Amino acid sequence: MKTSYLVIIILSLVVLGAHFLRYGNAIGVTASLALIGLLFLRKAWVARLVQAALIIGALEWIHTLYELIQMRMAQGAPIARMAAILGVVIVVTIASALLFQTRTMKQMYRLGGSEQ
């Protein structure tokens, strides 16, 4: 269970890093990779930092979706498939952030409110 949770979180960060790479944002790529590395430290602050980064990442995806819809509408291009794909990416990114609220992850990262 722990491994599958971490795989989902890491995948979300990799996809976010790829997004930043696509747009030439070296800081975003570096931050995404650094967050993946930090996941191996089992500290509460790491969990909260990654969780916050994933929420911010979801907001970035929402902004990107909005921009791409505007651009495609101006060009008269179809938007449904692109919107569906980015919608799934947004949901998975938010779900990844919420995984830190599970009992398993609370115990793994020693977050308050979990039974040890």
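The values are calculated or read from the model by the stated rules, or taken from the named source; none is laboratory data. None of the values given here were measured: they were computed from a predicted structure. Positions of Cβ are generated from backbone atoms using ideal geometry, with glycine treated the same way; all protein chains shown enter the neighbour counts.
Okay, here's what the table says:
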{"item": "Residue identified as at pLDDT 95 or above and surrounded by 12 or more Cβ atoms within 10 Å (Cβ to Cβ) among Gly76, Gly57, Gly37", "result": "Gly57"}
{"item": "Hits in region 62-110 (condition: more than 21 Å from Leu49 (Cα to Cα), in contact with a helix residue (DSSP H, G or I) (Cβ under 9 Å, 6 or more places away or on another chain) and part of a helix (DSSP H, G or I))", "result": "Thr64, Leu65, Leu68, Ile69, Arg72, Met82, Ala83, Leu86, Gly87"}
{"item": "Gly87 among the small types (Gly, Ala, Ser), surrounded by 11 or more Cβ atoms within 10 Å (Cβ to Cβ) and either modelled with pLDDT of 95 or more or closer than 21 Å to Ile9 by Cα (or both)", "result": "yes"}
{"item": "The lone exception for Lys106 - which of (1) exposed (fewer than 15 other Cβ atoms within 10 Å of the Cβ); (2) over 17 Å from the mean Cα position of the chain (by Cα) it fails", "result": "(1)"}
{"item": "Residues (assigned to a helix (DSSP H, G or I) and either without any contact (Cβ under 8 Å) to a residue 40 or more places away in the chain or loosely packed, with under 13 Cβ neighbours inside 10 Å (or both)) located in region 12-24", "result": "Val14, Gly17, Ala18, Phe20, Leu21, Arg22"}
{"item": "Matching option when the condition is surrounded by 11 or more Cβ atoms within 10 Å (Cβ to Cβ) and either part of a helix (DSSP H, G or I) or aromatic (Phe, Trp, Tyr) (or both), among Ile9, Ile27", "result": "Ile9"}
